[in-house]
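Comments concern the structure below.
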Amino acid sequence: MEPSALGNVASLAYSLPEIVLGAAVVLLFLLDLVVTRKETLGDVALVTLALVVVLSARLLWGDSAALYNGAVVVDGFALFFKLLLALAAFATVWMSLGSREIQKNGTGEYWAVLLASTLGLLFMASSTNLLMAYLALEFVSLTSYVLSGFMRHSRRASEASLKYLIYGGVASGTMIYGMSWVYGLAGSLDFRAIHTALMSGQGAALPLYVALLLTLAGLGYKVAAFPFHMWAPDVYQGAPIPVTAFLAVGSKAAGFALMIRFFFTAMAQSVGAGVYQLVGGVDWSQLILVLSMVTMTFGNLAAVAQQGNVKRLLAYSSIAHAGYMLMGFAVLNDDGLRAMLFYLTVYYLMNLGAFVVVMLVANSTGREDLAGYRGLAWRGGALPAVAMAIFLFSLTGLPPLAGFVGKFYLFAAVVEKQLYLLAVVGVLNSVVSLVYYARIVRTMFLEQPTGGEGVVAVDWHNGLLLGLLTIGTLVLGVAWGPLIDFAGRSTHFLAY
Amino acid sequence: MPTNVLTWMIFLPLVGAIVVLCLPRNAANLIRGTATFFTIPPLIMAVWLYQHFDRATSDMQFVTKIPWIPSFNIQYFIGVDGISITMVLLTALLSFICIIASFGIEKAMKAYFALFLLLDAAMMGVFCALDFFLFFVFWEVMLLPMYFLIGIWGGPRREYAAIKFFLYTMVGSVLMLVAMLALYFYAEPHTFDLLELASRSGSYSTGFQRIAWIGLFIGFAIKIPAFPFHTWLPDAHVEAPTAISVILAGVLLKMGTYGILRINYPILPAATLDFAFYLLIALGTWNIVYGALCAMAQTDFKKLIAYSSISHMGYVMFGMATMTSEGINGAVLQMFNHGTVTAMLFLLVGVIYDRAHHREINGFGGLAGIMPFYTGWTALAFFAAMGLPGLSAFISEVLVLLGGWRSYPALTIVSASAVVLTAGYMLWTMQRIYLGKANEKYVGLPDINGREIFTLVPLGIIVVVLGVYPRPVLDLINASLVHLNQVVAGKAQVALATAGNMVP
């Protein structure tokens, strides 16, 4: 029996995380007027997000349900992402509380905007309607523009924000145009209704292909896939470090969530045993396959060419990682999805960890360029240097670190589908990525400080976060069983 | 101890690494002592293994098998047979020796010894692993400590050498990863268990075997290193600190040939027969000759030894490729012998470098008069490397060539004549460094000291003993190799003589 969608009032019980988050946004704006010590607002945001994590986790034991007459759902897939996104936001707030950049520009609305952005991300992960998806995505975009331009007195940040806005505007305009084609072809914006219409043979393949391409522009923009990645290097470089981390981890994850749900529930058909089949006569898995290869190759090669700014380098690396994750998308089965979910979690740990180290260095020395890392291990910064090495080698995909396990599952899914070309391109890309990750490691360990780089100190606040992320990266490298099982359980979508 | 002895051997060094990291930074002798302490139990266990190893069977012994990730059929599965036990013994011995040889390290000692012990654990793991996934993990874990050990404690061009080593090996290992996954999904039910994979080898199509074989082979060939993947080796060896050069040449190179014997041979026998008879044999011959010629052209003492390693590893490939009992026994024996001989050579280069701070062959002269004991040890090692009868390498090289004679007379003649080249560069080096008029710059150099002799003695004894009586090693490996030979030959239905092994 197919459950039907719940009405608005009945849905509220399932929306506690969003309600709490929404209320906290309003509360923070109000508190901003009366509280003089702005860090307090950060603490409030932190507690809120912890609460959101707990509330989302609680829903894991409940039933799946379609909410608000089919606009959003609560299912294993959505909850996995809600947990991941709330944790990403939690870590971002934690980072922000220890960031010199944020403290210098200390205003109260930062925390409120950050939480609002998180709210949008949660809706992206759970929407099952194109309109809802678009609104959530735009909401995230608008708040991200504000966050990335948050350092108002920095020219670089303003430029980043403006570029982000312009690219974002184009991408979302393209996407909503594509959605209008989908609507025209399928007669509905609801994922399930689109699926039904395509199954019944409605809509010709070519216009549908155009519609998909256009829609992909908006989604590709969020996950920073080639050729919609152009904003990423400038924005990553210009935005405050915690915001960059948030965009690299949170935005990307939510973009993938929406992309997976749209393609797998509206544009594909489950044929049992965790295998999907294309509907509507559009072979989008080939498209994704090509996109994946091009994205990782471009991201890695561009990163190799980066000699200066570490944040910019990490931006290109995040493009490459979007490419890796798309591999799991192209194989059209649960194994691939499971690998993607697992990889996103691992990516959260290691990428965020790398940004924490970047922030520590910037906090102490105000530098983000590679030369600022020279001999880091030999001038008091041994702990952050070791942690950074662990994160970078994990990003490269070397065992016994979590990043290897993530890549292992991605490649396994690809090889299982016998897409050997993709597999070989993927592994060779890992070798290319070693070139630039090892360059940072070399600068930290193999080069001697020449003096004048400054001392990097670790305070307990940032050190705790760094320690947790490091331990996570190490532990998931040898004992990943529970997480992969959880990811495997979370690959099912609610068919209501 | 009996069942878990291998696990202890793998993880004790790892525990040691953690303990070393917890020691105070300035307690130099405590750090050295602790690091040494953690390599002694594996050495004792290795001796115990040697005594209790059942030489009559080709089965895996001292096996431990625990599920690791059941949902993907990944196991913690370790054990040794005749092929791996020699490598385990070698690793245990060289790790201990190299820790002693590293006592001169001053810079960031704690990190050095911790990384070294981590490397030790990973090397043991590679030789013991019987699950492909586990094998791969240990294989890759070796890269990180090696990168830092070369990169931080190496010579002037250490950064370049370290990253070059890292990138080369990584290219090989990612191809291995793809081949490993392909094997996993090709076998029904899916498994990483190397023994299971081997037992089903009959069901793999020849086309699939060939592709997988090449993927794996590139990974292993880079490690050996086989021409044309050898260019990382001279750089890495020259820049690495002495003890790390010893480990590189003594243990890491063997992993390439070991991997081929452990994985390519039993799991992909049809492809092995295809490729062994032209690719492997040709590469082997070429390695022998090319390595020797390159060695002859070197003026850097260490680089010369590095190229001589390439040449000597050629014999291993040559012997393996002959697919005869003599050849393959000779190959594995050569792996062991080269491990000891080349370790001595690198230790000896280290001795002179520590004193003169350069390795220019033409920059010395007449050292025999200044450092007589050192010269004596060098002579032993040089003669061993040349393959002088009565020393260990002679036996293994002769076995290899005997194995090759039946099927490849022409190539065998070429390989055998390369011995002349080896003698040429070795004796020429001997003459330039040790004989002739003493270079007055080095008149006051102290002779080899007690610690240095201590590291050479066990190797020297092995070289001499195995030179006259190779049975201790041959008995260990024979049963497994006869079995392996039968598997490869039998599976591909090619009647090959598996006549009784050649034991002098």
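Quick note: the coordinates plus some simple rules give every number you see, no bench work behind them. This structure is a prediction, so every number in the text was calculated from the model and none was measured. Every residue, glycine among them, receives a Cβ derived from its backbone with ideal geometry; neighbour counts consider all protein chains shown.
Counting only C-alpha contacts under 8 Å and six or more residues apart, can you give the relative contact order of chain A as a whole percent?
Numbers: 865 pairs, mean separation 75.6, N = 496.
Relative contact order comes out at 15 percent.
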So who's got an amide H within less than 5 Å of the one on A:T107, skipping anything under 5 residues away but keeping other chains? H placed 1.01 Å off N, in plane. none
Pull out a ≥ b ≥ c, the square roots of the eigenvalues of the alpha-carbon gyration tensor of chain B, then state rounded if a/c is under 1.5, prolate if not and a/b is larger than b/c, and oblate in the remaining case. oblate
For the stretch B:465-474, 3J(HN,Hα) per residue [Karplus equation, 6.51 cos²θ - 1.76 cosθ + 1.60, θ = phi - 60°, Hz, x = Gly/Pro]: 4, 5, x, 9, 9, x, 4, x, 7, 4
Cβ-based exposure ranking for B:V488, B:V468, in which fewest neighbours within 10 Å come first: B:V468, B:V488
Given a Förster distance of 22 Å, the FRET efficiency implied by the Cβ-Cβ spacing of A:L162 and A:K104, rounded to the nearest 0.05, works out to 0.55
Between the stretch B:291-330 and the stretch A:114-185, the alpha-carbon center distance in angstrom: 62
With runs of 4+ DSSP H residues as the only contributors, calculate the mean residue ellipticity of chain A at 222 nm using -39,500 (n - 2.57) per run, divided by the residue total and rounded to the nearest 500. -23500 deg cm²/dmol
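Rounded if a/c is under 1.5, else prolate if a/b beats b/c, else oblate: with a ≥ b ≥ c from the C-alpha gyration tensor eigenvalues square-rooted, which is the stretch A:213-304?
prolate
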Could you tally the net charge around A:W94, taking each other residue with its Cβ under 14 Å from the Cβ of A:W94, Lys/Arg +1 and Asp/Glu -1? -3
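Can you sort B:R210, A:R261 by how many other beta carbons sit within 10 Å, fewest first?
Details: B:R210 16, A:R261 24.
With the fewest neighbours first, B:R210, A:R261 line up as B:R210, A:R261.
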To test your reading of the geometry: what angle, between 0 and 90 degrees and rounded to tens, separates the Cα axis of helix A:420-441 from the longest principal axis of chain A? 20
How far apart, in nanometres, would the label points at A:V9 and A:S200 be if each is projected 7 angstrom from Cα along the Cα-to-Cβ direction? 3.3
